[in-house]
Amino acid sequence: MHREISESLSQFSQVASYYLTELNKKPVAQLNAELPQTSLSQLAVGNDNALKTLEQQVIPQLSASAGSRYWGFVTGGANPAALFADWLVSTFDQNVSKGGDSVATEVEHQTLSWLKELFYLPDTFDGLITTGATSSNILAAIAARQFAGQAQQINVAQQGMGALSVEIFSTCPHASMVKALGLAGFGQNSVTYIDKKQNTELINLASLEQALVRSSCKSKIVLASAATVTTTSFDDLVSIAELCNKHNAWLHVDAAFGIFERCLNGPEGLTKGIELADSITVDFHKWLNVPYDAGGFFTRHLDLVAQSCEVAAPYLINNSDRKDFLAIGIENSRRFRALPIWYTIHSYGRKGINQWVSKNIECTKLLAKWIEQHPDLTLAFEPNLNVCGFYLTSQPRKTKQLLDEINRIGKVFLSPGQWQGQFIIRAALSNWQTEFADLDIAKSSIDQAIKNIAE
Ligand SMILES: *Cc1c(COP(=O)(O)O)cnc(C)c1O
């Protein structure tokens, strides 16, 4: 082996194990990170000096997002099996764009088939590993676009969508879905918002039905959630699928992290009916705890995705009857993202994954109970999964200040949310190693922050 490679591997092992050992001692977030200016002409300093700069300027200013008390947004860590496999992904450096020269494509197919079992999805679904839920939502928008065109004798991938007559219905689409609608050419403002079922983030079924009946557009698309990011609400997918069926509407379900409720509780739980969707978005860098970035896209109409993603080129000849991944995804060249997922499922199986999923849910319930009994805090809603929200009871307007103070203290990282017009603090627990001891640290840190802002 080349000497530089063997040296960098042993350095890597030292840097990585030191980082992970120290992770839970460092502040969870770096709110004012900055880098000194360095111009290119000062560089070419060699590996040892580059490592020094990394250790001085970068590593101390990273967030501990891989650790057990980063509860902002919906953030997963890196489980040991996935971390090991992900390191090897860079070592192997495969380009998983098309088959024919490596087993890597087979590994991705096997991963997808295990995932379908894990999530109790029928074999009629097909899909691919993506860079995350955002790109999965883009693929959903592209597939739905093609579906709409098909009914109107327009091949949107070829002709564009100028002449397309389509209406999109949703209630609480994730921001990335809105972004995806813009990128797919529908426009970010193309959503017809259906009102919420009272005191929830759920699609009001009667209103959806009315809107579908009233729509004068030739094609219809419905975007549902399993689960929403604020209150982790699951739409009534069985009823929505029935309406979509009746009105020939495409049903897309964003289940970025909610799909793990299905892994835990099976097909009759909160995701019941997701198997009736036309397309499904899931994330793996959240609750599966594989490193960034990795998501998944499943659809029963992969041919519609291929109509947009497959482009002929003389160097891209496919001898198999299975579509190459580059013909069903956004990127042509693709990282071996499937491997950390493959390795995680291989090592831990449903049982191991469910262990951290149910532990996160249990910890969230305990945190909610503590908030409920807290003299200064109000629990915004009863948590049904891994997210809980709260605000300051007597001075709700100071809740933002409380959030900033909690994050400044740096023992736990939380992020903001909106619930019924009220600014709330959100805690989302999705790290594989979060323990009861982390809850205690978080509670005393929240108490400290309440004291600090009262002074
Ligand atoms: C996180 C999330 C997304 C966006 O996912 P990325 O992984 O950030 O691309 C989309 N939908 C839902 C419901 C999410 O929770």
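No lab work stands behind these numbers, since they all come straight from the coordinates. Remember, it's a predicted structure, so these values are computed and weren't measured experimentally. As a convention, Cβ positions derive from the backbone with ideal geometry for all residues, glycine included, and neighbour counts pool all protein chains shown.
Tabulated data
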quantity: Filter result for the condition that a residue is touching a Ser or Thr at 6+ places or on another chain (Cβ under 8 Å) and among the acidic types (Asp, Glu), over ASP293, ASP303, ASP321; calculated: ASP293
quantity: Residue in region 177-186 that is under 25 Å from PHE73 (Cβ atoms), touching a residue at least 60 places away in the same chain (Cβ under 8 Å) and either surrounded by 19 or more Cβ atoms within 10 Å (Cβ to Cβ) or touching a Cys at 6+ places or on another chain (Cβ under 8 Å) (or both) present; calculated: yes
quantity: Qualifying positions in region 241-261 - in a helix (DSSP H, G or I), within 27 Å of ASN360 (Cβ to Cβ) and touching a helix residue (DSSP H, G or I) at 6+ places or on another chain (Cβ under 7 Å); calculated: PHE260
quantity: Residue check for HIS285: within 16 Å of the ligand (Cβ to nearest atom), touching a residue at least 40 places away in the same chain (Cβ under 8 Å), over 11 Å from the mean Cα position of the chain (by Cα) and surrounded by 20 or more Cβ atoms within 10 Å (Cβ to Cβ); calculated: no
quantity: Any chance THR192 is β-branched (Val, Ile, Thr), within 13 Å of the ligand (Cβ to nearest atom) and not in a helix (DSSP H, G or I); calculated: no
quantity: Among residues of region 146-177, those that are within 16 Å of the ligand (Cβ to nearest atom) and farther than 29 Å from ALA206 by Cα, counted; calculated: 0
quantity: Residue list for region 265-280, filter: more than 14 Å from the ligand (Cβ to nearest atom), within 14 Å of PHE298 (Cα to Cα) and not in a loop (DSSP other than H, G, I, E, B); calculated: GLU275, LEU276
quantity: Residues satisfying the stated conditions in region 19-52, i.e. in a loop (DSSP other than H, G, I, E, B) and among the hydrophobic types (A, V, I, L, M, F, W, C); calculated: VAL28, ALA29, LEU31, ALA33, LEU35, LEU43, ALA44, VAL45
quantity: Of residues in region 136-145 being more than 7 Å from the ligand (Cβ to nearest atom) and not aliphatic (A, V, I, L, M), the one farthest from LYS286 (Cα to Cα); calculated: ARG145
quantity: Residue match in region 228-239 (condition: in a helix (DSSP H, G or I), in contact (Cβ under 8 Å) with a residue 24 or more places away in the chain, β-branched (Val, Ile, Thr) and over 28 Å from LEU379 (Cβ atoms)); calculated: yes
quantity: Lone unmet requirement of (1) out of contact with any strand residue (DSSP E or B) (no Cβ under 8 Å at 6 or more places or on another chain); (2) farther than 30 Å from LEU20 by Cα for PHE147; calculated: (1)
quantity: Selected residue (criterion: farthest from the ligand (Cβ to nearest atom)) from residues of region 217-264 that are basic (Lys, Arg) and surrounded by fewer than 20 Cβ atoms within 10 Å (Cβ to Cβ); calculated: LYS218
quantity: Residue match in region 295-309 (condition: among the hydrophobic types (A, V, I, L, M, F, W, C) and within 16 Å of the ligand (Cβ to nearest atom)); calculated: yes
quantity: Residues of region 369-425 classified as farther than 29 Å from PHE234 by Cα, surrounded by 18 or more Cβ atoms within 10 Å (Cβ to Cβ) and in contact with a strand residue (DSSP E or B) (Cβ under 7 Å, 6 or more places away or on another chain), total; calculated: 2
quantity: Filtered residue count, region 201-216, keeping only those that are crowded, with 17+ Cβ neighbours inside 10 Å and either outside any loop (DSSP other than H, G, I, E, B) or of a type outside the set (Asp, Glu) (or both); calculated: 7
quantity: Sole exception among (1) surrounded by fewer than 14 Cβ atoms within 10 Å (Cβ to Cβ); (2) among the small types (Gly, Ala, Ser); (3) closer than 21 Å to PRO291 by Cα for SER320, by number; calculated: (3)
quantity: Matching entry among THR105, THR131, THR111 (being surrounded by fewer than 22 Cβ atoms within 10 Å (Cβ to Cβ) and touching a residue at least 12 places away in the same chain (Cβ under 8 Å)); calculated: THR131
quantity: Any chance GLU382 is within 23 Å of the chain's Cα centre (by Cα), over 30 Å from ALA85 (Cβ atoms) and without any contact (Cβ under 8 Å) to a residue 24 or more places away in the chain; calculated: yes
quantity: Yes/no for LEU23 being in contact (Cβ under 8 Å) with a residue 40 or more places away in the chain and surrounded by 12 or more Cβ atoms within 10 Å (Cβ to Cβ); calculated: yes
quantity: Some residue of region 63-74 being more than 22 Å from the chain's Cα centre (by Cα) and surrounded by 15 or more Cβ atoms within 10 Å (Cβ to Cβ); calculated: no
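Residues are listed down the side, and each one gets a yes or a no for (1) polar (S, T, N, Q); (2) under 30 Å from PHE260 (Cα atoms); (3) surrounded by 16 or more Cβ atoms within 10 Å (Cβ to Cβ):
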residue	(1), (2), (3)
LEU40	no, no, no
VAL45	no, no, no
GLY76	no, yes, yes
GLN94	yes, yes, yes
